[in-house]
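Here's the structure we're looking at; comments come further down.
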Amino acid sequence: MQEGGAVMTMLHTRERVIFSALCMSLMLLYACPVAFAQTSDDELPSLPVNFGIALMLPGQSRSFTAESDLFFNFMVIPVFAQGSGTLSISLSKTDTYFDFISVMQSGYGYPDENYNMGFTPRTVSISTRFWDYGTTMVYAMLFSLGEGPYSFRVSLSYN
């Protein structure tokens, strides 16, 4: 065991993906009861955690829209890519001002972890390279102090 090292530096790539999925599960356990506790019996809000899945081949693109009634909006997208190429990930939010947005990917590929963040109106982008095949988890987040509902768009392109 390394002295002074963070937990993530001690884990291998496969274990990092599993660790990331477990962290997301814990976040869901925290976020879901809060979302349901704030409503009446007649209506249920959209949850602050959104999910998507992408199976990508070279030359394909996918888009996902995350929507929530709560000021914190999060999206998780497992991506499975077949064939060599570069996966480009972008998060776009251009209809508001001073909302915090962030996108991160973690998994196989080069680089194996990458992130970008900023304040709206803006599009933040990252990319990773795969050889033959690859898997990665994409995490996108919006934090806003403005009035809801809240939404953003995540676009994936594999070339």
Subject >> Tally of residues being under 10 Å from LEU87 (Cβ atoms), among the polar types (S, T, N, Q), part of a strand (DSSP E or B) and in contact (Cβ under 8 Å) with a residue 40 or more places away in the chain across the range 105-159 >> reply: 4
**OP:** Return yes when ASP41 is exposed (fewer than 15 other Cβ atoms within 10 Å of the Cβ) and either modelled with pLDDT under 85 or within 18 Å of the chain's Cα centre (by Cα) (or both) and no when it is not.
**Re:** yes
**OP:** Answer yes or no: is there a residue in the range 113-122 that is out of contact with any helix residue (DSSP H, G or I) (no Cβ under 7 Å at 6 or more places or on another chain), basic (Lys, Arg) and crowded, with 20+ Cβ neighbours inside 10 Å.
**Re:** no
**OP:** Please work out if ILE77 is surrounded by 15 or more Cβ atoms within 10 Å (Cβ to Cβ), more than 18 Å from TYR158 (Cβ to Cβ) and either of a type outside the set (Ser, Thr, Tyr) or within 11 Å of the chain's Cα centre (by Cα) (or both).
**Re:** no
Original post:
In this structure, is GLY59 modelled with pLDDT of 55 or more, exposed (fewer than 11 other Cβ atoms within 10 Å of the Cβ) and farther than 30 Å from LEU145 by Cα?
Top reply: yes
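The values are calculated or read from the model by the stated rules, or taken from the named source; none is laboratory data. Just so you know, these numbers come straight off a predicted model, no measurement behind them. Every residue, glycine as well, gets a Cβ built from its backbone with ideal geometry; the counts of neighbours run over all protein chains shown.
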